[in-house]
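Heads up, the thing below is written out as structure tokens.
The values are calculated or read from the model by the stated rules, or taken from the named source; none is laboratory data. Remember, predicted model here, so these are calculated numbers, not experimental data. In this analysis, Cβ positions are derived from the backbone assuming ideal geometry, glycine residues included, and neighbour counts consider all displayed protein chains.
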Ligand code: AMP
């Protein structure tokens, strides 16, 4: 890709693999829209909309929300003005039907197809440790970790003073379910799907955020 701002990228990887962190930084540096279906759903949950109330029950158990609902949400989101110049999808597609639906949404035109699919490879054991210790600021969204990135004061965000929360789906039973689904429903089918399209790249996601970021910048050229 000669113009990074025209990237239409999909970040694939298990929960906690670092897709969101990297997508956020890249979107700020290169003016992509960072589209996280998990964040979109959490915002609906916070607003107690009908969609949010329905999704919350599934999300808290680490289960996937229906393809129809997610695809409709993404369809509207990629039509928004800030997505015109390019986007990174974080957490979508997560099933083969979602990947097929995305290609349909983008249309037959080659100039609008997905340009990059990056698979964040990392062992489940590392993800379990990352997720079980992860704490999210309820106010500014900053992500902390009880062992790897602790705040000065327990339970309080260093950046904004907001209260830190432990996501229900970052608790052990939900983590297991999310990892199982990731391998069976997401990684297996989508790795093959995008490999066959010739757009799949892999990064070793068990390295420092900075090293991975620099690799992604190169990879997305
Ligand atoms: P995430 O923040 O990406 O880990 O997503 C949190 C939760 O939102 C997931 O465990 C699912 O319940 C739901 N979710 C997010 N994206 C999708 C998707 N593409 N398909 C189905 N469910 C999703």
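Before moving on, here are some points about what is shown:
- Looking only at region 107-117, and only at residues there that are at pLDDT 90 or above and more than 16 Å from the ligand (Cβ to nearest atom), the one that is surrounded by the fewest Cβ atoms within 10 Å (Cβ to Cβ): 115
- Test result for residue 50, within 25 Å of residue 133 (Cβ to Cβ) and surrounded by fewer than 18 Cβ atoms within 10 Å (Cβ to Cβ): no
- Residues of region 62-99 satisfying the condition of being farther than 28 Å from residue 28 by Cα and more than 8 Å from the ligand (Cβ to nearest atom): 68, 96, 97
- Index of the failed condition, residue 94 passing every other in (1) in a loop (DSSP other than H, G, I, E, B); (2) surrounded by fewer than 16 Cβ atoms within 10 Å (Cβ to Cβ); (3) at pLDDT 95 or above: (2)
- Output for region 71-80, where each listed residue is in contact with a strand residue (DSSP E or B) (Cβ under 9 Å, 6 or more places away or on another chain) and either under 24 Å from residue 14 (Cα atoms) or not in a loop (DSSP other than H, G, I, E, B) (or both): 74, 77, 78
- Note on region 136-188: residues that are within 13 Å of the ligand (Cβ to nearest atom) and either without any contact (Cβ under 8 Å) to a residue 24 or more places away in the chain or in a loop (DSSP other than H, G, I, E, B) (or both) amount to 4.
- Of all positions in region 118-130, none carries a residue that is surrounded by fewer than 16 Cβ atoms within 10 Å (Cβ to Cβ), out of contact with any strand residue (DSSP E or B) (no Cβ under 8 Å at 6 or more places or on another chain) and more than 22 Å from residue 17 (Cβ to Cβ).
- Qualifying residues in region 25-61 (those that are within 30 Å of residue 208 (Cβ to Cβ) and outside any helix (DSSP H, G or I)) - the one farthest from the ligand (Cβ to nearest atom): 31
- The set of residues in region 202-221 being touching a residue at least 24 places away in the same chain (Cβ under 8 Å) and under 17 Å from residue 123 (Cα atoms) consists of 202, 203, 204, 205, 206, 209, 212.
- Of the candidates 181, 124, 169, the single residue that is at pLDDT below 95 and touching a helix residue (DSSP H, G or I) at 6+ places or on another chain (Cβ under 7 Å) is 169.
- Leading residue by the ranking (nearest to residue 32 (Cα to Cα)) among those in region 57-82 that are touching a residue at least 40 places away in the same chain (Cβ under 8 Å) and buried (at least 16 other Cβ atoms within 10 Å of the Cβ): 78
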